[in-house]
Amino acid sequence: MNNNTIEFQVSGKYALFTDPITRMGGMKSTYLIPTYQGLVGIADACYWKPTFRWRIIEVRVMNKIQMQTKATIGVKYKVEKGGSAWERVEYTYLKDVEYQVRAAFEWDMTHDELAEDRNEMKHREIALRSVNKGGRRAIVLGTSECGAFIEPCKFGDGQGAYDDIDLIEFGLMFHGFDYPTVETEKLKARFWRSRMHNGIIEFPAPNQCAPELVREIKDYSAKKIYSSPERAEYEREELL
């Protein structure tokens, strides 16, 4: 395993991986497999620093794909005079999920001021300790109501539900966001044509997604990270 790579297993009773561009209000229905952005969110919740970005290399689907629809109360975006601001909606979740994930961190080269913090062994050891402790922040599977557990694993260990199925195609899926590095750039959403071989989904890197499947969303101001004495003290922290 490379010095910038970690492996972990994440599991939960429910998961909801959706396209964030089209999920505003109303009914929500999950993709059948995790999105790249959803898995990046799990890695970020485990251990995040502005020095690097997480890249999801691959995910292994361990449990059989099952879905369940649940009724809940959601916000009503158009309220008639004298009417209620809430309405009954139905969400379709994945049920009893378990995934093995291989992820790697890559330096964010837009932050020259953080160059001294580019130490692979340090960040990998902190990330591994974070996984062992169950993450630094709440681990969720796509949305806040789908809490999950994270723990170390060896990618490929154990029996997966789809190990003997050569190929399953899931069609066009949301991949993730491209955040601008300068104020003149736009926030973009990436999509890709997903497929699973023997239970394993290999994700293309963000810069490998087909240009015709990248959609501009809106103007977005890039943020600059500056060093400070408080930040330097945080960098010297050895314990979680």
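In terms of distances greater than 24 angstrom between alpha carbons, the cross-link table entries Lys13/Lys154; Lys13/Lys49; Lys28/Lys49; Lys133/Lys188; Lys28/Lys95; Lys28/Lys64 yield Lys13/Lys49; Lys28/Lys49; Lys133/Lys188. Here the peptides 207-217, 154-164, 37-47 are ranked by packing, the mean other Cβ count within 10 Å, and the order with the highest first is 37-47, 154-164, 207-217. Once backbone amide H atoms are built at 1.01 Å from N, Tyr162 has no partners under 5 Å, excluding neighbours fewer than 5 places away on the same chain.
No lab work stands behind these numbers, since they all come straight from the coordinates. Keep in mind the model is a prediction, meaning the values are calculated, not measured. Cβ: placed from backbone, ideal geometry, glycine included. Neighbour counts: every protein chain shown.
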